[in-house]
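This report refers to the structure that appears directly beneath it.
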Amino acid sequence: MNRSEVYVKDREIVIPGQKIAKGMTPGDNVYIDKEGFLRSALLGLASLEGNKVDVIPLASAYIPKVNDLVVGKIEKISGGTILVDINSPFTAVIVPPRNNKLGLEVGDVILAKVKAFDGMSSPLLTLEFEGLGKISGCVLLEIDPAKVPRVIGRRGSMLNILSSKTGSEILVAQNGFVVVKPRDHRSLMAIMRALEVIQEESHISGLSDRISKLLDTILAGGS
Amino acid sequence: MLYVERRPEKLIDENGLRTDGRRPREMRPIKMEVGVLDRADGSALVEWGGNRILAAIFGPREVHPKHMALPDRALVRVRYNMAPFSTPERRKPGPDRRSIELSKVIRNALEQAIFVEKYPGAAIDIFVEVLRSDAGTRVAGITAASLALAEAGIAMRGLVAACSIGKIGDVIVVDPGHDEDMWGDADMPIAVMFEDRVITLLQMDGPMDESQFNEALSLGMSCCELVYELQKEALRRPFVFVERKVVGGGQTV
């Protein structure tokens, strides 16, 4: 058994191709080269947990995965299919069941689940689960899909701060669309600003504290 | 005023200096910046001597026309384009023989570095726009595009650094400038995935014997190392700035 070596600190920014470690378990966005070095495949943050090495991306496109919950915007309705923008390189489709009008119109925002995606043809969405369907009376915001885990936080901590402080309902979908039912105008402004800050500063520790403070100041009437 | 290009009497003077005052193994100043275009998924601006090169990445995104999509990997498309005002005399806009060839050469140099199999059915579009040209645009373009790819969050085996090596008489010079490109004896652009020492582009225009070639190749590697160090710094810089802003004071990473 080889002794394991680590060349970077936890949460250090790594460049594509940079050697991170040797003799450890490769996780997400890490590949092993011919000499057995674990190297980053992305520009991101190295994350070392126990024996496992991951790279947390700093930017990425949303590639659909089966069973992901996504928020989409109806883009086009034609014949038997509905085309949905899911903030991804791929436009998703919904095929409504026969004789079953879903009552969707262009511009509607929906919560859906990815039913099938083979990487080639359009991802197929479904609404046939409890709680899925049209969402009305809300604001649709967009964040970088790579930052979705940051906005949710560890066990939902960040999302908790955001929704409890602003008294708003917030839904963060895997694809980077954020649906907000704000309490009032000021809380919406606070959420929008907080999302900006999370995307910009997520690589620096102490994020939750900063977001807490930021929300407090904006909600108290500051800027 | 009529622009007349004139060959300098000597490309290397009696003091061993080149027409722009550099020594044979001295590169031109290089400046790199990423994230210069907000609308693109990734972008970079490289100022390399008199070159000004803008690279932009869109992707992974849906392929249009659809029949071009590849079932097992991403389609990488490169457009190398020179602006009409990029050359000493106005250049007719639009693709020509040279820019079509360079697009292909740059695509080949970058495609090997990208994990194309991670994005089946998608397209990665790379745009290399030459705003001002001063010899060595293809290597500066590859350098810029590689930075932009990393900034776009596209999975790669490593960054591609590139540099050009020239020959004047019997002297091997690094990073030939405009005069040396026009009237020099040979030039050899090299692109390397530096971390792996894998050469992804090697062209040679003009004659070189074996020992000259070997010298040029090893010099090229050293130059690419320098370019690679600058690339790494350029990619980290925006994050360092944000960190300074947040953490404050003179603390740096």
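Every read-out reported here was derived from the displayed coordinates using simple, explicitly stated rules and does not represent laboratory data. The shown structure was predicted, so the numbers you read here are calculated from the model rather than taken from an experiment. Cβ atoms come from the backbone with ideal geometry, glycine included; neighbour counts cover every protein chain shown.
Remarks
- Calculated from backbone phi, Karplus (6.51, -1.76, 1.60) coupling profile of region B:52-59 in Hz, x at Gly/Pro: 10, 10, 10, 10, 9, 10, 10, x
- Set of region A:1-28 residues, backbone N closer than 17 Å to the point 7 Å along the Cα-Cβ line of A:N51: A:1-6, A:21-28
- Close amide H contacts of B:I165 (hydrogens built in the peptide plane, cut-off under 5 Å, sequence separation of 5 or more or a different chain): B:D175, B:M188, B:I190.
- Virtual spin-label span in nm between B:R91 and B:H67, 7 Å along Cα→Cβ: 3.3
- Estimated FRET transfer efficiency (B:V171, A:E142; beta-carbon r; R0 41 Å; 0.05): 0.15
- The equivalent ellipsoid that matches the C-alpha gyration tensor of region B:66-188 spans semi-axes of 30, 18, 11 angstrom, in descending order.
- Diffusion coefficient, µm² s⁻¹, Stokes-Einstein with Kirkwood Rh over alpha-carbon pairs of chain A at 37 °C and 0.692 mPa s: 169
- With neighbour counts taken as other beta-carbon atoms within 10 Å, the residues B:C163, B:C223, A:C138 rank, fewest first, as A:C138, B:C223, B:C163.
- Modelled spin-label separation between B:R7 and B:L226, with each label point placed 7 Å from Cα along the Cα-to-Cβ direction: 2.8 nm.
- The protein assembly as shown: mean projected area of Cα convex hull, nm²: 29.6
- Largest-first principal axis extents of the Cα set of region A:139-219 (Å): 29, 26, 21
- Taken about its Cα centre, the protein assembly as shown carries a charge dipole of about 1480 debye when Lys and Arg each add +1 at the Cβ and Asp and Glu each add -1 at the Cβ.
- In a reduced charge model with +1 at each Lys and Arg Cβ and -1 at each Asp and Glu Cβ, region A:139-219 shows a dipole moment near 240 debye about its Cα centre.
- FRET efficiency, 1/(1 + (r/R0)^6) with R0 25 Å, evaluated for A:E75 and A:E169 via beta carbons: 0.50
- Ranked by how many other Cβ atoms sit within 10 Å of their own Cβ, fewest first, the residues B:T143, B:T200 fall in the order B:T200, B:T143.
- q = 0.08, 0.14, 0.17, 0.19 Å⁻¹, region B:30-240: log10 I(q)/I(0) [Debye, one scatterer per Cα]: -0.26, -0.81, -1.16, -1.39
- Net charge of the neighbourhood of B:G94, taken over other residues with C-beta under 14 Å away and scored Lys/Arg +1, Asp/Glu -1, is +4.
- Using R0 = 22 Å, the C-beta based FRET efficiency linking A:E35 and A:V6 works out to 0.90.
- Per-residue ellipticity at 222 nm, computed for chain A from helices alone with -39500 (n - 2.57) per DSSP H run of at least four residues, works out to -6000 deg cm²/dmol.
- For region A:117-161, the equivalent ellipsoid derived from the Cα gyration tensor has semi-axes of 24, 18, 12 Å, listed largest first.
- Other protein chain C-beta atoms within 10 Å of residue C-beta, averaged over A:195-203: 2.
- Cysteines in chain B that, by Cβ-Cβ distance, have no pairing candidate under 4.7 Å: B:C224
- Intensity falloff of region A:5-56 expressed as log10 I(q)/I(0), Debye formula with alpha-carbon point scatterers, at q = 0.15 Å⁻¹: -0.28
- Radius 11 Å from Cβ of A:S163, net charge of other residues (Lys, Arg +1; Asp, Glu -1): +2
- Here is the tail figure for region A:69-135: Cα pairs spaced more than 17 Å apart come to 32 percent of all pairs.
- Over chain B: helical MRE at 222 nm, DSSP H runs n ≥ 4 each giving -39500 (n - 2.57), nearest 500: -10000 deg cm²/dmol
- Relative contact order (%) - criterion: Cα under 8 Å, at least six apart; region: region B:13-74: 20
- Over 19 Å apart at the Cα level, from the set B:K31/B:K92; A:K19/B:K245; B:K31/B:K232; A:K9/A:K147, are B:K31/B:K92; A:K19/B:K245; A:K9/A:K147.
- Positive-end residue, the protein assembly as shown charge dipole about Cα centroid, Cβ charges, pick of A:N29, A:T217, B:N81: A:T217
- Amide H contacts for A:G17 (H built 1.01 Å from N in the peptide plane; partners 5 or more residues away or on another chain; cut-off under 5 Å): A:S40, A:A41, A:L42.
- Selection from B:A162, B:I114, A:I94, by position along the positive dipole direction of the protein assembly as shown (Cβ): A:I94
- When both region A:96-168 and region B:175-253 are represented by their alpha-carbon centers, they are found 44 Å apart.
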